[in-house]
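Q: Here it is: the structure, laid out below.
The values are calculated or read from the model by the stated rules, or taken from the named source; none is laboratory data. From a predicted model like this one, the values you see are computed outputs, not experimental measurements. Positions of Cβ are generated from backbone atoms using ideal geometry, with glycine treated the same way; all protein chains shown enter the neighbour counts.
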Amino acid sequence: MLSKNIKRLVEYGISSGLTPECERLYTTNLLLELFCEDSYEDTSIEGESLELEDILKELLDEACERGIIEDSIVYRDLFDTKVMNCLVPRPAQIQETFAKKYEVSPKEATDYYYKLSQDSDYIRRYRVKKDRKWTVDSPYGVIDITINLSKPEKDPKAIAAAKNAKTSSYPKCQLCMENEGYAGRVNHPARENHRIIPITVNDSAWGFQYSPYVYYNEHCIVFNGQHTPMKIEKATFMKLFDFVKLFPHYFLGSNADLPIVGGSILSHDHFQGGNYTFAMAKAPMEETFTIKDFEDVEVGIVHWPLSVLRLRGKDEQRLIELGAHILDKWRSYTDEEAFIFAETDGEPHNTITPIARKVEDTFELDLALRNNITTEEHPLGLYHPHAQWHNIKKENIGLIEVMGLAVLPARLKEEMEILAEYIVEGKDITSNEKIEKHAEWTKTFLPKYESITSENVMDMIQKEVGIVFTHVLEDAGVYKCTEEGREAFKRFISVL
Ligand SMILES: [Zn+2]
């Protein structure tokens with residue numbers, strides 16, 4: 001069986017274009033070594049499936065049987081990455097091919113690299129496919145929702161092993177360059193099949209790669225070659241536009257640099273982008289303004305629940321200058337009437353989530369104004385999802401959410417299914433501890449619907465989750481979409 005499955009995997013490599021035909025024997029031999037096997041029997045694989053998930057499953061079962069690995073998801077993921085690396089070209093070859101394709105067009109290069117990142121199983125297509133995705137109409141446009149199910153849950157064996165594992169500071173984090181080719185450990189993912197494209201951003205060495213969990217089309221990560229903390233400053237805007245100039249079909253944005261309103265990794269300077277147009281990018285400007293000394297830049301308030309200023313112009317240098325000016329003003333801006341405080345007790349609160357893109361021949365820089373102040377009533381943050389929505393979303397509103405894609409916790413998949421069953425059968429929601437937290441919320445929307453059946457109940461719940469997410473975004477807006485909120489927004493614009 002081993003020979004047959006190795007042959008299937010090599011065939012997968014060749015048919016996907018990952019492995020050249022002339023490396024058939026070489027690749028076969030590398031794989032034999034991994035399985036501690038010194039002989040090979042050439043058998044027919046006619047009619048056999050070349051689905052990667054099936055082939056890897058059989059190979060991993062074999063590795064468990066042979067006692068090469070323990071039978072648990074974490075060890076299987078570490079081992080199948082090593083297996084896949086036998087098929088993937090070395091980094092220099094990939095960089096060379098990428099550069100050649102870039103000569104034809106940036107899109108040709110990213111198309112090649114995105115397909116490679118999936119064929120190599122660095123992006124596990126069959127797991128990403130499990131994610132739940134839907135869209136919901138909102139007063140601000142079509143909002144995207146995803147429940148991410150592709151991150152594997154840790155198993156007890158791995159948790160126990162991780163507890164006893166030596167603490168290691170190599171690589172320093174999952175965004176460091178040193179991950180390329182790293183074998184991984186129980187508490188760090190294997191990246192042997194990972195290949196990074198080196199790029200120059202703001203005259204320094206950066207890396208370009210895709211997110212292994214791809215929340216949206218061609219979800220990429222652009223990261224500093226050095227393990228250095230996130231910081232929003234003028235240079236951030238320069239970096240964003242350096243990348244957008246290299247890959248004009250991609251947008252690029254940054255998480256804010258303060259806790260509560262920032263992303264999950266603040267310790268390593270990085271951005272996220274991709275080939276996708278979010279609702280925020282499509283949202284029109286409500287009103288435009290002229291800023292003194294920047295008469296050549298179009299500035300407007302975006303019709304969006306978060307407080308976003310959009311700068312537009314043909315010369316990206318002018319957007320960088322104005323962006324830096326606005327950031328500088330915002331950092332130190334206080335408007336007590338609007339409950340915006342630049343700092344309390346020396347702790348700074350104001351920051352920006354910036355997004356850069358090119359639309360035809362015009363550059364755009366969206367600046368979402370953020371503030372991370374906490375109050376007695378809102379201990380997790382005033383401009384953060386309020387407690388009444390925590391049954392759906394409690395986590396930070398980072399860059400991806402700001403743009404209009406809700407990334408919801410995996411627990412919701414099961415909870416929504418149980419809730420649907422309870423609603424259709426008219427059972428008491430508070431009687432089940434898994435969905436008890438949704439009882440109050442369900443009461444608020446059920447009366448809106450006339451006949452609820454097992455056919456339409458999930459559509460209803462999905463729609464209501466989308467409505468909650470829209471409210472979550474409204475909570476994150478420092479200026480509300482009300483007359484009073486817009487007046488306060490304009491007070492800030494008037495000091496620019
Ligand atoms: Zn790092």
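Q: Does Lys100 fit the bill of being at pLDDT 95 or above, basic (Lys, Arg) and surrounded by 14 or more Cβ atoms within 10 Å (Cβ to Cβ)?
A: Details: at pLDDT 95 or above: yes; basic (Lys, Arg): yes; surrounded by 14 or more Cβ atoms within 10 Å (Cβ to Cβ): no.
For Lys100, the condition - at pLDDT 95 or above, basic (Lys, Arg) and surrounded by 14 or more Cβ atoms within 10 Å (Cβ to Cβ) - is not met.
Q: Among the residues of segment 173-190, write down those that are within 20 Å of the chain's Cα centre (by Cα), part of a loop (DSSP other than H, G, I, E, B) and within 14 Å of the ligand (Cβ to nearest atom).
A: Across segment 173-190, the qualifying residues are Cys173, Gln174, Leu175, Cys176, Glu180, Pro189.
Q: Please verify whether Ala387 is farther than 30 Å from Glu218 by Cα, in contact with a His (Cβ under 9 Å, 6 or more places away or on another chain) and either modelled with pLDDT of 95 or more or among the hydrophobic types (A, V, I, L, M, F, W, C) (or both), treating the condition exactly as stated. Before you say what the answer is, go through the steps one by one.
A: Working: farther than 30 Å from Glu218 by Cα: yes; in contact with a His (Cβ under 9 Å, 6 or more places away or on another chain): yes; either modelled with pLDDT of 95 or more or among the hydrophobic types (A, V, I, L, M, F, W, C) (or both): yes.
Yes.
Q: Please enumerate the residues belonging to segment 317-371 that are in contact (Cβ under 8 Å) with a residue 24 or more places away in the chain, part of a loop (DSSP other than H, G, I, E, B) and within 19 Å of Ala281 (Cβ to Cβ).
A: Matches in segment 317-371: Asp361 only.
Q: Considering segment 202-230 alone, what residues qualify as being within 16 Å of the ligand (Cβ to nearest atom) and outside any loop (DSSP other than H, G, I, E, B)?
A: Residues satisfying the conditions are Ser204, Ala205, Trp206, Gly207, Phe208, Gln209, Ile221, Val222, Phe223, Asn224.
Q: Are there any pairs, at least 6 apart or on different chains, whose C-beta atoms fall under 6 Å, with the first in segment 169-182 and more than 23 Å from Val83 (Cβ to Cβ) and the second at pLDDT 95 or above and of a type in the set (Phe, Trp, Tyr), and if so, which?
A: Sorted first by the residue in segment 169-182, then by its partner, the pairs are Leu175/Phe223.
Q: Looking at segment 159-172, which of its residues are among the charged types (D, E, K, R) and within 12 Å of the ligand (Cβ to nearest atom)?
A: Lys172, the sole residue that qualifies.
Q: Please name all residue pairs, on different chains or six or more residues apart, with Cβ atoms under 7 Å, provided the first residue is in segment 144-163 and is farther than 30 Å from Glu464 by Cα and the second residue is not β-branched (Val, Ile, Thr).
A: Pairs that qualify, where the first residue is farther than 30 Å from Glu464 by Cα and the partner is not β-branched (Val, Ile, Thr), are Asp155/Ser72; Lys157/Glu70; Lys157/Ser72; Ala158/Ser72; Ala162/Asn187.
Q: Another one. Please work out which residue is nearest to the ligand (Cβ to nearest atom), limiting yourself to segment 231-242 and to residues that are out of contact with any helix residue (DSSP H, G or I) (no Cβ under 8 Å at 6 or more places or on another chain) and among the basic types (Lys, Arg).
A: So the first thing to find is which residues in segment 231-242 are out of contact with any helix residue (DSSP H, G or I) (no Cβ under 8 Å at 6 or more places or on another chain), and the list is 231, 235-236, 239-240, 242.
Then drop every residue that is not among the basic types (Lys, Arg), which leaves 231, 239.
Numbers: Lys231: 14, Lys239: 16 Å.
Here the answer is Lys231.
Q: Within segment 70-89, identify whether any single residue is surrounded by fewer than 19 Cβ atoms within 10 Å (Cβ to Cβ), without any contact (Cβ under 8 Å) to a residue 12 or more places away in the chain and either farther than 24 Å from Ala160 by Cα or not charged (D, E, K, R) (or both), and answer yes or no.
A: no
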